[in-house]
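We did not get these values from a lab; they are worked out from the coordinates using the rules stated. Everything numeric here is computed off the predicted structure, so don't read it as measured data. Here the Cβ positions follow ideal geometry from the backbone for every residue, glycine too, while neighbour counts run over all protein chains shown.
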Amino acid sequence: MPPVPQNFQLPYIARLAFGLICVTIIVYWMHVLGSIVTLLLFSILFSIAMYPLTDWLERKGLGRMLAIAIAIITFSLVAAGVCMILGYQVRDFSEMLPQLINKVNASLSKVQLWAYERFKIPPSRQLNELQKYWQNIAEGGGSVVGTAVSTTTTMLGNISILPVYIFFLLYYRDMFKQFFCKVFASTKKAKIHEVLSKIYEVVHSYLSGLLIVTLIVGTLNSVGLLILGIPSAIFFGFLAAILLIIPYIGILIGSILPIVVALVTKDSPMYAVGVAGIFFFVQMLEGNIITPYIVGSKISVNPLAAIVMLFLGGALWGIAGLALALPLTAILKVVFDEVDELKPYGYLLGEPETTNKQRAIQSKKVQKIEQNVVESIAETTQEVKSLFGRKKATKSA
């Protein structure tokens with residue numbers, strides 16, 4: 001048998017087939033082990049979010065175990081506080097449900113009367129058709145409810161073990177770095193540490209930016225709904241903001257419920273139009289100004305790639321996949337940009353260079369405006385201090 005040449009390379013078709021087979025096997029096992037994989041991915045994201053506090057506590061002289069425990073307890077207390085606030089809002093909304101149901105029944109009666117006057121459909125026939133629809137929904141809803149209950153139970157069980165994963169991920173973080181260095185032994189350690197630092201920076205920017213954007217968007221939504229007098233305005237406003245973890249789609253889903261409430265609780269349909277206008281305005285503001293400025297160009301994934309990855313993540317892992325789609329896409333882009341053979345795919349996931357340049361110019365303009373505002377405030381403060389100083393000198397004289 002003749003020896004294989006050292007520079008031998010498989011044909012492109014063979015390499016493509018081999019790559020597709022590997023991707024298929026990986027995706028299959030990721031789907032089969034979805035609950036475990038998503039739990040690990042969420043643990044990694046949360047550990048990255050907690051790392052700055054842990055590192056700060058360690059630099060203050062605390063041991064690693066104690067620093068990690070304090071960080072986990074702090075984040076748990078914050079999460080519990082947010083859940084309590086949302087619980088109060090949900091209770092207020094549940095108290096409004098009887099009134100909401102009465103309004104819905106009154107609206108249905110008007111629709112029945114309109115259908116009878118316009119199409120001569122008797123109310124009894126309408127009720128029979130509605131009962132058929134409700135029966136079909138109930139039959140299909142049983143499985144949905146069962147799935148929701150089992151999913152909720154699994155999720156609660158996963159949440160209980162989530163701090164354990166976060167603790168060990170933070171505790172053994174140095175070992176994981178050494179693991180990557182051993183796996184990619186042919187690559188320089190400085191290059192591996194650079195890629196890991198970029199991944200950390202991208203994920204941390206995404207998480208911290210998402211928190212700030214959620215607070216800003218939730219406040220804007222709540223203020224707009226309060227102005228219109230929509231019940232449970234704060235709950236609906238921040239519910240739509242929390243759904244921003246699903247890019248482009250979340251805030252649209254979150255706007256449906258307050259629009260329905262406005263149609264039912266208000267006498268004029270213009271309130272519902274006003275709610276839709278508020279959410280549309282906030283969505284435009286968030287997509288074009290708030291998120292690009294706060295998150296910056298570090299998450300430079302184009303909208304088409306983000307939407308495709310959203311559908312793929314949803315098909316693979318459901319709601320968890322929708323939440324993980326964007327940060328995983330950003331991580332993939334960082335890895336693709338650093339591997340020569342995969343750079344075209346990183347370019348395909350990213351945004352055009354002109355868009356990045358425009359964002360950089362816009363960011364510089366906003367920073368300049370902020371600097372001018374800070375300087376103006378400092379000058380005004382100094383003038384006020386000097387004025388008070390002159391008054392005191394005059395009184396003492």
Margin query: Loop only by DSSP, 16 or fewer other Cβ within 10 Å of the Cβ. Give me the chymotrypsin sites (Phe, Trp or Tyr not before Pro) in the stretch 181-269 that pass, ordered by residue number.
Written below: PHE184, TYR248
Notebook entry, point to check: For the pair THR187 and VAL335, how long in nm is the line joining their label points, each one 7 Å along Cα→Cβ?
Noted result: 0.9 nm
Check: What pairs in LYS191/LYS343; LYS182/LYS343; LYS60/LYS191; LYS177/LYS333; LYS60/LYS189 have C-alpha atoms more than 26 Å from each other?
Finding: LYS60/LYS191; LYS60/LYS189
Next item on the list: Be a star and scan the stretch 320-344 for residues whose amide nitrogen sits under 19 Å from the point 7 Å along the Cα-to-Cβ vector of LEU207.
Entry: 320-335
Notebook entry, point to check: So who's got an amide H within less than 5 Å of the one on GLY350, skipping anything under 5 residues away but keeping other chains? H placed 1.01 Å off N, in plane.
Noted result: ASN302
Check: If you stretched the chain out fully between THR265 and LEU16, how much longer would it get, using 0.36 nm times the residue separation minus the C-alpha to C-alpha distance?
Finding: 83.8 nm
